[in-house]
Structure formats: structure tokens, C-alpha cells
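Participant: Got a structure here, written out as C-alpha cells. Questions coming.
The values are calculated or read from the model by the stated rules, or taken from the named source; none is laboratory data. Bear in mind the structure is a predicted one, so any value in this text is a computation, not a measurement. Cβ atoms come from the backbone with ideal geometry, glycine included; neighbour counts cover every protein chain shown.
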Amino acid sequence: MPVDDLKPVQRLYESVRARVIERLHSGEWAPGDRIPTETQLAAEFGVGIGTIRRAVEALVNEGVLIRRARLGTTVAKLTDDHRYDQYFSFVDRAGKSVRPSSEMRSFKREAANPEVLDALRLKRGARVARIENLRIAAGRPVMLDRIWVSLDYFQGFSPAQFTARPGSIYGFYQEQYGVAVVRVVEDLRACPADGLLSEALGVEAGTPLLCVLRTAFTYNDTPMEFRHRYVNTQACNYRNVRGLQE
């Protein structure tokens, strides 16, 4: 088939995918809900089964939807255990996945600094919550997350809510505020441990740390969380796996 003949199909598939995402963004299909069957969606959107299947498959691959035997296709829940590893890319020195516990060290409300304003696309003067969240594995601190979220986006956000969450932070955002993380962007760089980091992570001041700058996005490419993650690479490694897994 000539390449030009594929272009209309590509545009139609993207249109269907966008319409499905809009349903998710509006809350019409909530986390854990089963979406209509491919036949039902094809009839509703006025397209062929193949176009629906391609759009749904793309969202399954992106982790937004989940296919389950006998349950059909459901909206992914960030509280599902298997979703944890999608956004946590660390292993111990033996190459095994690290599943650390959390300890909140501080919670402050403050005016967003220029870096946070830019990352979260906020207006000057916007207020944010800033959380210092220590991660502990095998009895030792392995990383410190410095997290910022907009108080306009997360109204009523409190330290009591954060510490009482039963599971992951992203699961908390989804369960408490209906905000689903669907994409993250990370930039990595090295940085020396300052006084606060050396005390929190139990390393000497000046020790090289891995710094991960992460922006988390919800639907419509809207940034909803920004964080600095400082990692003691003597305790764990960052692992990025791409390509076919067999």
C-alpha cells in the first residue's frame, strides 16, 4: 500500500484516540471503569473496528487503559500494584527492583520559585505545596524527593492527607483528586550533597548524587507535579529499559 494511502487512516486513528482521552479527562470513564466494547465504540464514533482497535491498543501500550481477560478493557488505576514500576526506575546493586518506604520530612506552602513556575506553567505569585519525602530501602535512606504541586490544582492538600495515603503518591493524586498521571518527563544530572541532603541521606557533604528532575503530566499535556529526586547511587541505580521484553 502506498505511504500516502496510510495518512487518512492515521488521522482517523489519532482522532479516535483523542476522543477516548477526552472521555477519560472529563471523568466520564473513571479509573477502574470498563469502557465500551470495540464494537460499541465503533458504532458510537462511526468508524471501523480496526481504527478503534488501533486507538485502544495505543492507549494500552501507554498504560492509560488495561486489557484483562473476561473483564474487557478498563481505565488504569495508579493504585494497582503493577503500575508502580512504570514510574519508578530503580534497582539495587544486585539488579533487583527497589520498593522503598516513605517518610515525610517536611511540608510547606510557599510561593513558587521561577523553576517551579516554568515547570508547572503557573502564573507569577502562584502558591504551591512543597514536600520533602525521604525514601528508605533495606533500613537505609536511598533518595530524597522534593515535590511541588499547585495549591490551585490540589485544593485542601495537607500533610495529614499525604502521610495517611495508603499507597503510592500518584495513586493518592488519582484517588483523592481525580488527577491521573499519564506521562512523566525526566532529566538527569549530577549534583553534590549539600548539608540538608547529606544529613537526610547519611552521606558526607559534597558526595556526588544523581539528581532526577521530573515533571508529571495529566491529560491534555497539563503538568501537575514537579520534583527533584536526589539519589545515593551507592545504594541503588537508575535503570531505564526500552524495547521488546521477552
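Participant: Can you pull out every residue in the range 120-142 that is over 15 Å from residue 104 (Cα atoms) and under 18 Å from the mean Cα position of the chain (by Cα)?
Facilitator: 120, 121
Participant: Output the number of the condition that residue 77 fails; it satisfies all remaining conditions of (1) in contact with a Gly (Cβ under 6 Å, 6 or more places away or on another chain); (2) outside any loop (DSSP other than H, G, I, E, B); (3) of a type outside the set (A, V, I, L, M).
Facilitator: With respect to (1) in contact with a Gly (Cβ under 6 Å, 6 or more places away or on another chain); (2) outside any loop (DSSP other than H, G, I, E, B); (3) of a type outside the set (A, V, I, L, M), residue 77 is out only on (2).
Participant: For the range 81-96, check the following and say yes or no: at least one residue is in contact with a Leu (Cβ under 7 Å, 6 or more places away or on another chain) and at pLDDT 80 or above. Before the answer, list the steps.
Facilitator: Residues of the range 81-96 that are in contact with a Leu (Cβ under 7 Å, 6 or more places away or on another chain), as a first pass: none.
No, every residue in the range 81-96 fails to be in contact with a Leu (Cβ under 7 Å, 6 or more places away or on another chain) and at pLDDT 80 or above.
Participant: Moving on to the next point. Considering only the range 21-48, state which residues are of a type in the set (Lys, Arg) and more than 15 Å from residue 72 (Cβ to Cβ). Talk me through it step by step, then tell me what you get.
Facilitator: Let us first name the residues in the range 21-48 that are of a type in the set (Lys, Arg), namely 23, 34.
Passing the criteria: only 23.
Participant: Now for a separate question. If you go through the range 164-204 one residue at a time, how many are in a helix (DSSP H, G or I), without any contact (Cβ under 8 Å) to a residue 12 or more places away in the chain and of a type outside the set (Phe, Trp, Tyr)? Break it down stepwise before answering.
Facilitator: As a first pass, look at the range 164-204 and keep what is in a helix (DSSP H, G or I): 164, 169-177, 195-201.
Right, trim to without any contact (Cβ under 8 Å) to a residue 12 or more places away in the chain and you get 164, 172, 195-196, 198-199.
If we keep only those that are of a type outside the set (Phe, Trp, Tyr) as well, we get 164, 195-196, 198-199.
So the count comes out to 5.
Participant: Within the range 188-198, identify whether any single residue is aliphatic (A, V, I, L, M) and over 16 Å from residue 144 (Cβ atoms), and answer yes or no.
Facilitator: no
Participant: Which residue out of 161, 155 is of a type outside the set (Lys, Arg), without any contact (Cβ under 8 Å) to a residue 40 or more places away in the chain and in a loop (DSSP other than H, G, I, E, B)?
Facilitator: Values: 161 fails: in a loop (DSSP other than H, G, I, E, B).
Only one candidate qualifies: 155.
Participant: I would also like to ask the following. Within the set of pairs 6+ apart or on separate chains, which have a first residue in the range 110-138 that is at positive phi, a second that is among the aromatic types (Phe, Trp, Tyr) and buried (at least 19 other Cβ atoms within 10 Å of the Cβ), and C-beta atoms under 6 Å apart?
Facilitator: none
Participant: Something else now. Looking at the range 180-203, can you tell me whether even one residue there is among the charged types (D, E, K, R), in the same structural domain as residue 228 (by TED's automatic domain parsing), more than 25 Å from residue 217 (Cβ to Cβ) and modelled with pLDDT of 95 or more? Spell out how you get there, then give the answer.
Facilitator: In the first step, residues of the range 180-203 are kept if they are among the charged types (D, E, K, R); the result is 183, 186-187, 189, 194, 199.
The next check asks that each one be in the same structural domain as residue 228 (by TED's automatic domain parsing); those that pass are 183, 186-187, 189, 194, 199.
Narrowing the set further to residues that are more than 25 Å from residue 217 (Cβ to Cβ) leaves 194, 199.
Narrowing further to those that are modelled with pLDDT of 95 or more: 194, 199.
Checked the range 180-203: at least one residue is among the charged types (D, E, K, R), in the same structural domain as residue 228 (by TED's automatic domain parsing), more than 25 Å from residue 217 (Cβ to Cβ) and modelled with pLDDT of 95 or more.
Participant: Could you grab me the full set of residues in the range 34-52 that are exposed (fewer than 15 other Cβ atoms within 10 Å of the Cβ) and of a type in the set (D, E, K, R)?
Facilitator: Initial filter on the range 34-52 (exposed (fewer than 15 other Cβ atoms within 10 Å of the Cβ)): 34, 37, 39-40, 43-44, 46, 48-50.
The answer is 34, 44.
Participant: Based on what the data block shows, is residue 93 more than 28 Å from residue 31 (Cα to Cα), of a type in the set (D, E, K, R) and touching a strand residue (DSSP E or B) at 6+ places or on another chain (Cβ under 8 Å)?
Facilitator: Numbers: more than 28 Å from residue 31 (Cα to Cα): yes; of a type in the set (D, E, K, R): yes; touching a strand residue (DSSP E or B) at 6+ places or on another chain (Cβ under 8 Å): yes.
Answer is yes for this residue.
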